[in-house]
């Protein structure tokens with residue numbers, strides 16, 4: 001993801017700001033909050049939501065997604081990996097053979113659009129975290145399909161990022177080619193990718209790298225008292241704390257992955273602490289924050305969904321289930337009922353005009369992952 005840098009006048013220290021995206025067209029006007037109590041979503045609703053998302057955003061020729069309902073340009077490179085994860089979620093939920101075709105089609109779409117996943121192309125790939133989102137998705141696609149091509153692309157991508165991003169002197173992963181800072185959006189995804197590759201290959205070096213980066217991240221990017229995740233760490237400066245759901249989510253995902261493998265309860269405790277901060281300190285009235293003012297931040301809660309639900313299912317933490325379902329039910333209740341599209345701000349009706357795939361993605365993702373209330 002692109003970041004915006006600014007200079008602090010007093011200290012002259014550089015601080016990296018994650019996901020400060022430019023605008024794309026004219027943003028929709030938010031409507032008044034809705035007061036009605038939502039009913040519980042169903043499995044059929046999850047299918048309806050995904051079908052609608054594809055109808056309005058999927059480019060059947062490019063086999064990738066548009067950025068908005070105008071359908072006049074593709075979504076950002078890193079967000080396509082998040083949408084690919086969504087397709088895999090649907091396949092895991094439904095086991096529909098047509099969805100397996102969708103997974104393979106999206107791989108080909110990325111192959112065609114991004115120079116065959118040539119990780120050495122520094123025009124296509126211009127920051128490390130963009131690569132790592134795809135590495136995570138490629139590894140998962142191999143786990144689901146058994147396609148060795150996906151695994152080899154994931155391994156090559158991981159090696160490219162590790163060799164260019166890892167700081168052997170001071171630890172941690174740099175998010176950009178200029179090594180200007182170490183952000184949560186590269187460090188925690190590196191742990192998740194390494195754990196997936198370890199599970200696939202059995203190569204213990206991936207587990208070692210996952211533990212190494214997690215340890216650095218916990219020491220430098222996590223408030224061990226509150227569970228708040230810092231967005232970035234620049235040199236020897238204090239961590240830059242800014243609340244983003246995707247950073248909270250990938251921190252949870254990294255901790256859960258390590259807990260599942262090692263059974264060390266400390267990792268699970270970390271995941272619960274981070275989840276607790278997100279639940280109690282971010283957003284309002286029990287709803288997650290409405291990130292993404294017509295920019296790529298709209299996709300952040302789709303990433304959070306991926307790993308928050310893993311804490312519930314893989315981590316056995318059902319105490320968060322009602323909270324997650326409340327978010328889903330509220331967002332789905334407030335959808336644009338003509339199009340069945342959902343919005344980044346769950347508390348208001350989805351605007352009826354042009355909206356982004358980014359801001360329409362998170363409720364759809366949550367619905368594929370979270371079991372409906374029986």
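Just so it is clear, none of the values below were taken in a lab; they were calculated from the coordinates. None of these values were measured; they are calculated from a predicted model. All Cβ positions, glycine included, derive from the backbone under ideal geometry; neighbour counts span all protein chains shown.
Order of 339-352, 231-244, 290-303 by packing, highest average Cβ count within 10 Å first? Could you put the intermediate results ahead of the total?
Values: 339-352: 22.1, 231-244: 17.3, 290-303: 24.4.
So the peptides 339-352, 231-244, 290-303, ranked by packing, come out 290-303, 339-352, 231-244.
All Cα-Cα separations within region 100-215 were binned at 10 Å from zero, giving a P(r) of 15, 47, 31, 6, 0, each value a whole percent of the pairs. Here is how the number arises for the chain: DSSP H runs of 4 or more residues each give -39500 (n - 2.57), the sum is divided by the residue count, and the result at 222 nm is -17500 deg cm²/dmol. Running Debye on region 324-374 with equal point scatterers at the Cα sites and no solvent, what base-10 log of I(q)/I(0) appears at q = 0.13, 0.14, 0.26, 0.32 Å⁻¹? At q = 0.13, 0.14, 0.26, 0.32 Å⁻¹ the computed log10 ratios are -0.26, -0.30, -0.96, -1.33. When peptides 322-332, 198-208 are ranked by their average number of other Cβ atoms within 10 Å per residue, the highest-first order is 322-332, 198-208.
For residue 163 and residue 40 in one chain, what is 0.36 nm times their gap in residues minus the Cα-Cα distance, to one decimal in nm? List each step's numbers first, then the result.
Values: separation 123, 0.36 × 123 = 44.28 nm, distance 4.69 nm.
That works out to 39.6 nm of additional length.
Averaged over residues, the count of other Cβ atoms within 10 Å places the peptides 366-373, 84-91 in the sequence 84-91, 366-373, highest first.
Computed from the mean reciprocal separation of all distinct C-alpha pairs, what Kirkwood hydrodynamic radius does region 51-169 have, in Å? Spell out each step's value before the answer.
Working: mean 1/r = 0.0678 Å⁻¹.
After inverting the pairwise mean of 1/r, the radius is 14.7 Å.
Please report the equivalent ellipsoid semi-axes of region 3-369, computed as sqrt(5 x eigenvalue) of the Cα gyration tensor, largest first, in whole Å.
Each semi-axis is the square root of five times an eigenvalue, giving 29, 24, 22 Å.
Projected area of region 149-253, taken from the Cα convex hull and averaged over every viewing direction, in nm²? Before the final figure, lay out the partial values.
Numbers: hull surface 26.7 nm².
Mean shadow area of the hull around the Cα atoms is 6.7 nm².
Kirkwood analysis of region 241-374, using all unique Cα-Cα pairs, places the hydrodynamic radius at 14.9 Å.
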